[in-house]
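Quick note: the coordinates plus some simple rules give every number you see, no bench work behind them. This is a predicted model, so every value here is computed, not measured. Positions of Cβ are backbone-derived with ideal geometry, glycine not excepted, and every protein chain shown enters the neighbour counts.
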């Protein structure tokens, strides 16, 4: 009797195992079918690697290159190292550069993040530390050349890359930054599907964005799941750092500008940065945050956009002027 | 909305306590709930689980809970203080066994504290609506535990929903059976 029961149990177990194997085969084959290969890339896309010239960009956009031996006057002129967002290029800060050229009161060094402006394959293989490296390299060069008033500006993903530098000893042996400006920083993505990239990424392979005609060739069209995972790692690391608290130097000025409505970088990111970046309590002061009346993500970049309003232009110019005043006062 | 929800919750449990059919051979557990949201906070709190023969021979369980980052990630940190008030119902497979499988729907109210007037422009209140599935185990002594994964069908979008309302969460609930008839 006991043997019969054992036999029945064994048969049941084999049945369960068989069912499990069938389910697994189904899941694995579903993954196999769903896994996308690399996308088709045309030569007019930034992703092709034929659009953006890295040597030209370095010469044209980096202050350390076009002012190789600064004079005393140039060393005392404020310089902002401007870092763009995920999938973007130096184009994102062109309008601040034009503003600076017009005013002649400060320089803008537009860094191209690692893995960006190159090709789909380069983007796929780059880590967020690679993205950050170009900011560090330019900062060190400017510091070594004797620039005394170095500022940092980060739009969208550029911001957490800069916040991360504050958690390291990167600045210890260099000229200390005077201030940091953030435009629509991302600590929380508005699209919450990003939080599931670890699970969905291998199934999706990559995602696609639609660009306006004025944006074509300036942003990647395809976002490989590997880069989306890097983005999630970066913003989650930043969120945790802010949660623990990052103590600021007394004289480091920080200003965050955040669109109140933003379908890319969730506006709650501004609250997390406000709570997480702290001066010594004895100073009884906080970083500056301004929630701006805009629905645009990176509202300071208007070039290439469709439907730009007079209010958008006014806001952009007001913020640029505000940044300038803070640097030259 | 918060008041309406609380009144509804008390109403539901008043009904349970006063309806004879509802209380025929019932089980009422109270306990702690530990919740981890994927890529976000720990939010912990308390919960109640109720079932009776009237509820399809204990195949349906009614629940209510409160969980907050105030009792989790926000304890001694800069995490945003947020609260979840939840009511829900589970369907239990193998309800006569100690080891059960659950699938349920929850609704409720979510709120986070903006703390500073400048952040009052942020959407910080939302209705909750989630699906949940997991495992439940009834111990020989008067305790039970459940481990589940849930998905919030309403979550933050950067426009009109709270930014810290994320989709996927995991829960561990531990109940002590305070009443059994």
| field | Top of B:163, B:31, B:76 by mean-square fluctuation, Gaussian network on chain B, Cα under 10 Å | value | B:76
| request: Measure nothing but the geometry: give the 0 to 90° angle between the long axis through the Cα atoms of B:2-18 and the longest principal axis through the Cα atoms of chain B, rounded to 10°. | output: 10
| note | The FRET efficiency for residue A:329 and residue A:193, from their Cβ-Cβ distance with R0 = 51 Å and rounded to 0.05, is 0.70
| message | Report, to one decimal in Å, the Kirkwood hydrodynamic radius for chain B based on all distinct Cα pairs. | response | 17.0
| request: Could you give me the percent of Cα pairs per 10 Å distance bin for chain A, shortest bin first, beginning at zero and ending with the bin that holds the maximum distance? | output: 5, 24, 31, 20, 8, 5, 4, 2, 1, 0
| Span from the the stretch B:144-181 Cα centroid across to the the stretch B:77-115 one, whole angstrom | 3
| message | How tilted is helix A:310-328 with respect to the longest principal axis of chain A? Cα atoms for both, answer in degrees (0 to 90, nearest 10). | response | 60
| query | In degrees from 0 to 90, rounded to the nearest 10, what is the angle of the helix A:94-103 Cα long axis to the longest principal axis of chain A? | reply | 10
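Which FRET efficiency value, to the nearest 0.05, is calculated for residue B:139 and residue B:91 with the Förster distance at 30 angstrom and r the Cβ-Cβ distance? Could the numbers behind the result be given before it?
On the way: r = 21 Å, r/R0 = 0.71.
Working from the Cβ atoms, E equals 0.90.
Suppose a student asked you for the relative contact order of the stretch A:45-328, using Cα pairs under 8 Å spaced at least 6 residues apart; what percent would you report?
On the way: 542 pairs, mean separation 56.0, N = 284.
About 20 percent, as a whole number.
What is the fewest-to-most order of B:61, A:84 by other Cβ atoms lying within 10 Å of their Cβ? Present the calculation step by step, with values, prior to reporting the outcome.
Details: B:61 23, A:84 30.
By the 10 Å Cβ count, ascending: B:61, A:84.
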| task | Could you sort A:247-253, B:146-152 so that the peptide with the highest average Cβ count within 10 Å comes first and the rest follow in order? | result | B:146-152, A:247-253
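So between residue B:103 and residue B:154, what do we pick up on full extension, going 0.36 nm a residue minus the alpha carbon distance?
Values: separation 51, 0.36 × 51 = 18.36 nm, distance 1.82 nm.
Full extension from residue B:103 to residue B:154 adds 16.5 nm.
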| task | Could you give me the percent of Cα pairs per 10 Å distance bin for the stretch A:138-186, shortest bin first, beginning at zero and ending with the bin that holds the maximum distance? | result | 27, 53, 19, 1
| remark: Highest GNM mean-square fluctuation among A:240, A:166, A:62, for chain A with Cα springs under 10 Å, belongs to A:240
